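Contents: one structure, followed by commentary.
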Amino acid sequence: GVFWNNDTQRGFVWANVDHTTDFQGLAHNIADFEPDGDVDFVDFAWFASNWLDTNCGVCSGADLTDDGNVRLDDLRKFAQNWLEM
C-alpha cells in the first residue's frame, strides 16, 4: 500500500509480501514539494519561501530535519535529495 499525508508532505510505502524491492520506485522524495517526481527549482522556490522560519512545526514541509526550524541543516538535506534525482 501507499500512504501520503499532504499536510506534512510525508508518506510511506508498505508491502505484505516478500517482494519489497518491487516497490522501490514508489518511494517519495522528501524534497519534492509539488510532487511531480523530481526535485527542481519549483521545489527550491517552495523551500526558500520558508527559509529561516522558526518554531513552525513542519514549516509547510520545508523543515526536513523535523526540528521546528528551516535552516542550513534543512538546506543540506534538500540539496542531498536534489542530487539523488
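What follows is calculated from the coordinates using simple rules that are stated; it is not laboratory data. The model shown is predicted, which means the values in this text are computed figures rather than measured ones. Here the Cβ positions follow ideal geometry from the backbone for every residue, glycine too, while neighbour counts run over all protein chains shown.
Model label points for Asn5 and Gln80, set 7 angstrom from Cα along the Cα-to-Cβ axis, are 2.1 nm apart. Relative to the current alpha-carbon distance between Thr54 and Asp38, full extension at 0.36 nm per residue lengthens the span by 3.1 nm.
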